[in-house]
1. Of everything in region 170-197 that's over 19 Å from L65 (Cα atoms) and of a type in the set (A, V, I, L, M, F, W, C), which residue is surrounded by the most Cβ atoms within 10 Å (Cβ to Cβ)?
2. Please go through region 207-222 and pick out each residue that is more than 14 Å from I252 (Cα to Cα) and either without any contact (Cβ under 8 Å) to a residue 40 or more places away in the chain or charged (D, E, K, R) (or both).
3. Can you tell me which residue within region 219-250, out of those that are more than 18 Å from A209 (Cα to Cα) and touching a helix residue (DSSP H, G or I) at 6+ places or on another chain (Cβ under 9 Å), is surrounded by the most Cβ atoms within 10 Å (Cβ to Cβ)?
4. Can you work out which of the residues in region 7-21 that are over 16 Å from A95 (Cβ atoms) and not charged (D, E, K, R) is surrounded by the fewest Cβ atoms within 10 Å (Cβ to Cβ)?
5. Going residue by residue through region 170-183, is there one that turns out to be among the charged types (D, E, K, R), modelled with pLDDT of 95 or more and out of contact with any strand residue (DSSP E or B) (no Cβ under 9 Å at 6 or more places or on another chain)?
6. Of all residues in region 335-363, which are within 20 Å of R384 (Cα to Cα), part of a helix (DSSP H, G or I) and of a type outside the set (S, T, Y)?
7. Within region 175-190, is even one residue assigned to a loop (DSSP other than H, G, I, E, B) and touching a helix residue (DSSP H, G or I) at 6+ places or on another chain (Cβ under 9 Å)?
8. Yes or no: R296 modelled with pLDDT under 95, surrounded by fewer than 21 Cβ atoms within 10 Å (Cβ to Cβ) and closer than 22 Å to A253 by Cβ?
Amino acid sequence: MSESSSPLRDLLFRLSQPIAESLINTPYIPHETSNISVKSFLQPLLTTPHSNTKNIHDSIKDFVLACSLLSSSSHFTPEYSSFLSWIPNHLSSLAIDSFFQLSDAYVTNFHERNSIRVSELGFDVESVPNEKRLLLELMPQVLPFLKDRIKESSIDKSDESDEFSAASARVPVGFAVIAACQFRWFVTQVGYPHLGKLCGLVIPCALTAVDHWSPEVKGHGMDSLMHIGKNVDASEFGGYQDVILDACCQNIASSDEIWHPVVETSVILVTLTQRNNPRSPWFERMLTEMLSHLERQPRNKERRIAWLKSVDPLFNAVGLMLLAHFRRIFPLFFQWMHADDDDTLILVLKCTYIVLRVTWIRNSPYIKRLVDELALVYKEAALRTAREEIRANTTQILILLQESKGLHFKVAWEKHQSDLNLSTLVLLLSGRDNANPDTIPSKHCGVQGSKPLKT
């Protein structure tokens, strides 16, 4: 049977037809900042009766690239995925189902070829599910192509005159956005333990996306790095560790629309690669960059919430070394304890507890101020919707301070004992055993050295 009339080509045509028809019937208005038509980009990738002259493997690659873009629309954050917001859910689902049908048929028709290609990547073919085998075979061919697509509209950093407008004029940035979407889809289809074997392919492409000037391209690059960090062992990064962490640090002061993925990705990667070294300069640099960015706009609600949601693992990994950052952390925490929204307050209370637990601070100038702020938070909670949760978190911190600070806490708390608005809290704390932590460490304190440090 000739290649052009093969069952696989017939299947490609049958799978392409409903997708093409749905594309035609889907209303499409190009995004206001877009200088390309995504719909026009997609249509030539689908197999038609006139595609018989194309090599079957090229047709398969094009069809999978179309599916990757259509499938992406159901998973991406709207803030930096506006290019795909017009794609309806049913079309995205159709693309996903079509890809899996093609994958299954491909392994059946090209089993020997596929087995060789997958094993060349270092995989035990029998351990790879059939629905992943076509994808893995395509990645060595597709990822370098997508990397070059992204790089076409990047800024040449060796040329000081090469700015955003010039880079976009060479090649419309929309093509880089599309390529970054497709790359992210390919990467996120592979999980642990298989993704580690592909680091040499996926990391250079992710770094190219993160280094792009467009926030949309950066966002997809960061999401790809985040997935890599969650599905790869630290040892599999090889020589890419420092390059990746440097890219994260350089992007911390990026636009707000991608601040959340930048922070989450940075925390995941630095704690994964540096977790055995709390004194790592990467922890120092990353915390410094994050705190500097937060200090510039401390009242930016989205920025602080994103950071507070993601930073716990970093605090736990750094441990006692956090003491060096108290002079910057606590002023922010004290300000956020009186933010208008309950979300910020609850998150900052949880983070405060973690900071206290992992540092076991003593004789710190922040203890008295912290006790005063917590007493005020407890009273102000009466007017908040989440009053019970706020008071529970506040009480937890005060108990930890009482257990770990002993006399220092007693002195700081003494002036609040006659406050009628704190009567329940005063009764609770006065009934607890005030053991002196100067000689007996609290069970709540994550001590990481023989003696606690002073600030």
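1. L195
2. Across region 207-222, the qualifying residue is only E216.
3. Initially, region 219-250 is screened for residues more than 18 Å from A209 (Cα to Cα), giving 230-236, 238-239.
Adding the requirement that they be touching a helix residue (DSSP H, G or I) at 6+ places or on another chain (Cβ under 9 Å) leaves 230-236, 238.
Details: K230: 14, N231: 17, V232: 23, D233: 12, A234: 15, S235: 9, E236: 17, G238: 9.
Checking each candidate, the answer is V232.
4. P7
5. no
6. If we filter region 335-363 for residues that are within 20 Å of R384 (Cα to Cα), which is where we start, we get 335-352.
Imposing the further condition that a residue be part of a helix (DSSP H, G or I) reduces the set to 335-336, 342-352.
The answer is Q335, W336, D342, D343, L345, I346, L347, V348, L349, K350, C351.
7. yes
8. It is true that R296 is modelled with pLDDT under 95, surrounded by fewer than 21 Cβ atoms within 10 Å (Cβ to Cβ) and closer than 22 Å to A253 by Cβ.
The values are calculated or read from the model by the stated rules, or taken from the named source; none is laboratory data. Predicted model, so just to flag it, every value in this text is computed and none were measured. Positions of Cβ are backbone-derived with ideal geometry, glycine not excepted, and every protein chain shown enters the neighbour counts.
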